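Engineer: Before we start, here is the structure in question, set down as structure tokens.
The values are calculated or read from the model by the stated rules, or taken from the named source; none is laboratory data. In this text the structure is predicted, and so the values were computed from the model without any measurement. Neighbour counts are summed over all protein chains in view; Cβ atoms, including those assigned to glycine, are modelled from backbone coordinates with ideal geometry.
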Amino acid sequence: MANPILTMGKALLKHKLHLGTLTGMERFMVSAVTLADRAATFLAATNVEPDLVDPKFDYVLLSQSVEANLELFELVRQRIQADVVAVPYWLGLMCVGPAELGTVFKVEKRRVPYPVEYPIKKQEDIAKIKIPQQATGYLKMVFDINREVQRRYPDSLVILTLDGPWDLAMLLRGDHDLPTDLRIHRDYTEAKDQATRDKIRRFGNPDIYPAIMELTTQLSIRLFQLAEENGLSLMGSSLVDQYAAKPIMSREDYFKYVHPYRVRVWEALDKKVSPGYFVPSPQETEQNLQDPVLGKGFGGLSNYIFPQTPEGITLPEYDRPMLELAKTYKQSYMYMVHGKYLRDATESQLDATVQRICRMAAEVRANLMVSIASVPPGASVEKANYVFRLVEKYGRY
Amino acid sequence: MDETISKAVAEGNVYDMEDMVNSALAKGENPKGLLEAMMAGLKTCGDRFESGEYFLPELMGAGEAFTVGMKVLAPKLALGDRTSQGTVVLGTVRGDVHDIGKNLVGFMLESAGFTVVNLGVDVSAEAFAQAVRDHKPQVLGMSGLLTTTMLGMEDVIEELKRQGLRDQVKVIIGGAPVSKKYAEQIGADGYGNDAAQAVKLVRSLL
């Protein structure tokens, strides 16, 4: 994107002086600081199943070709009528670098690449993982794709999203072993006496957790640095540790055993990355907004992991408090329509859902951003567009 | 019931379990009573998870504490001391390596007295069918976290039909992308929205 500060300034001027209709990007920018003309719409292109756009695209092809990702992104941009379409690559979790650090992924045509083997099996393996000097493999692909998108579409939003220490550790150690490592380390650290600590050592190694987290902290810092070295800006970028949330761990454990590592990454990168933290309630969202680290940057208000009804809608009672928070903290409430709901709901159900949240945003006078979490098999690009058209219809403030 | 043992399991005190169970046995406590105390501990842990008080590490700790206790207790238990509510085979469908939700379901079922055969992740339709032959479960549970991999659930049901096993087992599905509608569509017998519902769902099918 061209200079974001300049773009933001121009968009605000255009909005305040009523100098014409805001473009999608301008609406997105304005809604970050003040009430825009209507609710904004956002889609991460990567969350659209490739073959719903064109059957010629599959994950094998997309994992091999920068150009295929760019071509698919262009098609998504053409066919999806969201204010902002971002995240132009289809590499699953390979996009954050673990494949280059030893995690083995299985790449199949119709399934997003998934990890099948993790490199850290015992403590000695930690030292075998070296901090990369340059970007290679899939990580480089992601950087190349982002850079090319910046060049081809100067008005587009390039959101750099890389993993923080916990999520990287999950990808290098596995989602069974890492929570166990954390528990052993926590119990050891909080044991009241040496006899208990000695007993704990019989059941596991309390040192492996901090050793992994130390490594992944350094890796996380380095991966962001590599992004910069490959021509990407850290402005608006996200440091993601989505698996450090409930029900994987308590908020207390997060603050004791994960947060300090994330703060180190944030500080090492001159506080340029947004260290957002997904939480399952408005109450915890407010706590985050008041936190000196977690309150920084975009994306703090989202229903991403809020409890849902069996049909896949966020519990309705959570929306008004979130909109109130959005108003108070002058941010947008990113309301995600989950892929399951998009797939299963009828048009009239979608109409009622979008109408409800839009009307509520207008009543509260708070910025709303409607996003579709995924466009899965069984849904369609047309259905996604239907939702976005509903936002245009009902989303006027 | 031995409250100390129950509390130790509930709190995931893996480290003292062996000593505690040995000590209780040495004092003459009944093995069956100790097993009931350990089961009660698992249930407490499950309830605390359901209410948002406990999280994954706590659940794993309780499960491990139970396993450690059982190693001591198993040889002392008489036939019939450990009555199972039924057998449930669980697995995450092919192409999907998400383990956590399925393991939570397994934990909840075990704590409610079911025998759980956990096939792990990335399980093929053929492996599910083989497990039905081998373990003769009352219920087969499939998990999937991805909108793409959940489609493999239908393949499993088809494979059960192909091998003439479908009538021998109730099939339930769960995971973020699946729904009651999808369960009906593919001919599953039940759908659970989260791990906490699993026990109720399985009981309702037996």
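Engineer: Can you find, within the stretch A:91-115, the residue that is farthest from the other protein chains (Cβ to nearest Cβ) among those that are buried (at least 19 other Cβ atoms within 10 Å of the Cβ) and either of a type in the set (Gly, Ala, Ser) or free of Cβ contacts under 8 Å to residues at least 12 places away in the same chain (or both)?
Structural biologist: Selected residue: A:Gly97.
Engineer: When the residues of the stretch B:46-57 are narrowed to those that are within 11 Å of chain A (Cβ to nearest Cβ) and within 16 Å of the chain's Cα centre (by Cα), which ends up surrounded by the most Cβ atoms within 10 Å (Cβ to Cβ)?
Structural biologist: Checked the stretch B:46-57; the qualifying residue surrounded by the most Cβ atoms within 10 Å (Cβ to Cβ) is B:Leu56.
Engineer: Next up: Every residue in the stretch B:132-171 that is over 21 Å from B:Arg203 (Cβ atoms), hydrophobic (A, V, I, L, M, F, W, C) and under 19 Å from the mean Cα position of the chain (by Cα), please.
Structural biologist: Residues satisfying the conditions are B:Leu145, B:Met153.
Engineer: Which of the residues belonging to the stretch A:16-58 are crowded, with 20+ Cβ neighbours inside 10 Å, within 14 Å of chain B (Cβ to nearest Cβ) and more than 25 Å from A:Tyr304 (Cα to Cα)?
Structural biologist: Passing the criteria: only A:Phe57.
Engineer: A:Asn230 fails exactly one of the following numbered conditions: (1) in contact with an Asp or Glu (Cβ under 8 Å, 6 or more places away or on another chain); (2) within 14 Å of another protein chain (Cβ to nearest Cβ); (3) over 25 Å from A:Thr180 (Cα atoms). What is the number of that condition?
Structural biologist: Exception for A:Asn230: condition (2).
Engineer: Of the conditions (1) assigned to a loop (DSSP other than H, G, I, E, B); (2) at pLDDT 95 or above, A:Tyr304 fails just one. Which one is it?
Structural biologist: (2)
Engineer: Same structure again: Could you tell me how many of the residues in the stretch A:297-350 are free of Cβ contacts under 8 Å to residues at least 40 places away in the same chain, small (Gly, Ala, Ser) and either surrounded by fewer than 16 Cβ atoms within 10 Å (Cβ to Cβ) or within 14 Å of chain B (Cβ to nearest Cβ) (or both)?
Structural biologist: Result for the stretch A:297-350: 3.
Engineer: Taking the stretch B:60-99, which residues are of a type in the set (Val, Ile, Thr), away from every other protein chain (no Cβ under 11 Å) and in a loop (DSSP other than H, G, I, E, B)?
Structural biologist: B:Thr83, the sole residue that qualifies.
Engineer: Sticking with this one: Output the residue which, of all residues in the stretch B:112-126 that are of a type in the set (Gly, Ala, Ser) and in contact with a helix residue (DSSP H, G or I) (Cβ under 8 Å, 6 or more places away or on another chain), is surrounded by the most Cβ atoms within 10 Å (Cβ to Cβ).
Structural biologist: From the stretch B:112-126, those of a type in the set (Gly, Ala, Ser) are B:112-113, B:120, B:124-125; that's our starting set.
If we keep only those that are in contact with a helix residue (DSSP H, G or I) (Cβ under 8 Å, 6 or more places away or on another chain) too, we end up with B:112-113, B:125.
Working: B:Ala112: 19, B:Gly113: 15, B:Ala125: 21.
Here the residue is B:Ala125.
Engineer: Among the numbered criteria (1) surrounded by fewer than 19 Cβ atoms within 10 Å (Cβ to Cβ); (2) at pLDDT below 95, which single criterion is violated by A:Gln133?
Structural biologist: (2)
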